[in-house]
Structures are given as C-alpha cells and as structure tokens.
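The values are calculated or read from the model by the stated rules, or taken from the named source; none is laboratory data. What you are looking at is a predicted structure, and each value in this text was computed from that prediction instead of being measured. Here Cβ is always computed from backbone atoms with ideal geometry, including for glycine, and neighbour counts include all displayed protein chains. To get the accessible areas, we keep the full protein, side chains included, count just its heavy atoms, and leave off ligands, DNA and RNA. Shrake-Rupley method; radii C 1.70, N 1.55, O 1.52, S 1.80 Å.
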Amino acid sequence: MSRRIQQRRSRIHGNGVFAAADLPAGTRLVEYKGLRRTHEDADERYGDSLDTGHTFLFTLNDDYLIDANVDGNVARWINHSCAPNCQAVLEEDAGGDPQRDRVFIESLRDIAAGEELTYNYGIRLSVPHTAKLKKQWACRCGAAECTGTMLQPKS
C-alpha cells in the first residue's frame, strides 16, 4: 500500500481509507483491484447477498466487474459520500479488451493528512427505488448535502 494512504476504522462505516499525507487535487491514489468476473458470474456467485447494501463489486463495463472480495486491495475500503473528495476513473484497455479495463481512485480536490477518502459509488438500479431499497443502500456520509441513500437518481 502506498505511504500516502492508510486503512483504519471510519466514522462513516466500518473500515475507511485516510490520507497519510497531504494530497493535491488530481492525484491518482490507488487502483481498485480484484478478480474480474462477468456480471452473470457475480449474480450466480452472490445471488441475493448483493441486496445487502454492502458489496465489493465495481462495475467496469457492460461485460465485466471487479470483485474485490477476491484479491482486493485497500481501495475496497474507501467509503461512499454524497460530497466526495475523490472520484473513480475508468481507464479502458488500449487494446480494446474489456476484461483488462481498470479503475483508479483520484483526488478531486486537495485532501489534508488525516482526512477520510470518499467517492460517490454511483449505484444505479433498474428497479424502482422503494423505501426498503433506500434503507438497504442507506448513506451514512454525514455531508450537509447527503441524500440519505447511495442510490443515484433515475435519469
């Protein structure tokens, strides 16, 4: 793990990742790593457990996702926020192989040492956002502009 970031307990939820040093805006901090799976494989493997509001699955593209439950790194502990200080950046494979696409977490603004790293998970579900789903995917970021859910508004 980079000396610039460290994992520890979070006030937002469970584990978190924090700046171990001052980080300038636009800094690539960490790659989100894990096993590449097809969406179908993940659905088969995790089934209903995907509906718990807690997952280490990161969608890469229409074909693949990253399963950080297997060979994941510290990036899986970065919490969601409605007012994030980081963003997830997709880097498509230069050779056009969707299984080799990558995701990096980069700072959106200057981040002070000791500050928790967060990004907007951008969770989009095709089903109606019921009260039960919103509760399952509850946001605990504490930001003034918190929407109360990690689910993104339908477009």
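Summary table
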{"read-out": "Failed criterion for C82 (all others in (1) surrounded by fewer than 16 Cβ atoms within 10 Å (Cβ to Cβ); (2) assigned to a loop (DSSP other than H, G, I, E, B) hold)", "value": "(1)"}
{"read-out": "Which numbered condition M150 fails, given (1) touching a His at 6+ places or on another chain (Cβ under 7 Å); (2) hydrophobic (A, V, I, L, M, F, W, C); (3) farther than 22 Å from D43 by Cβ", "value": "(3)"}
{"read-out": "Some residue of region 42-64 being assigned to a loop (DSSP other than H, G, I, E, B), hydroxyl-bearing (S, T, Y), at pLDDT below 95 and open to solvent by 30 Å² or more (accessible area, probe 1.4 Å)", "value": "yes"}
{"read-out": "Close pairs (9 angstrom Cβ cut-off, 6 or more residues apart or separate chains): touching a residue at least 12 places away in the same chain (Cβ under 8 Å) and under 17 Å from T55 (Cα atoms) in region 126-155, in a helix (DSSP H, G or I) and open to solvent by less than 50 Å² (accessible area, probe 1.4 Å) anywhere", "value": "T149/L133; L151/L133"}
{"read-out": "Region 1-15 - residue that is open to solvent by less than 60 Å² (accessible area, probe 1.4 Å) and more than 12 Å from C86 (Cβ to Cβ) and, of those, farthest from the chain's Cα centre (by Cα)", "value": "S2"}
{"read-out": "Subset tally (residues that are assigned to a helix (DSSP H, G or I) and open to solvent by 60 Å² or more (accessible area, probe 1.4 Å)) for region 99-133", "value": "4"}
{"read-out": "Evaluation of D62 against (1) within 24 Å of P153 (Cβ to Cβ); (2) touching a Leu at 6+ places or on another chain (Cβ under 6 Å) (one fails), failing number", "value": "(2)"}
{"read-out": "Subset of region 58-101 [under 20 Å from R28 (Cα atoms) and aliphatic (A, V, I, L, M)]", "value": "L60, I66, A68, V74, A75, I78, A83, A88, V89, L90, A94"}
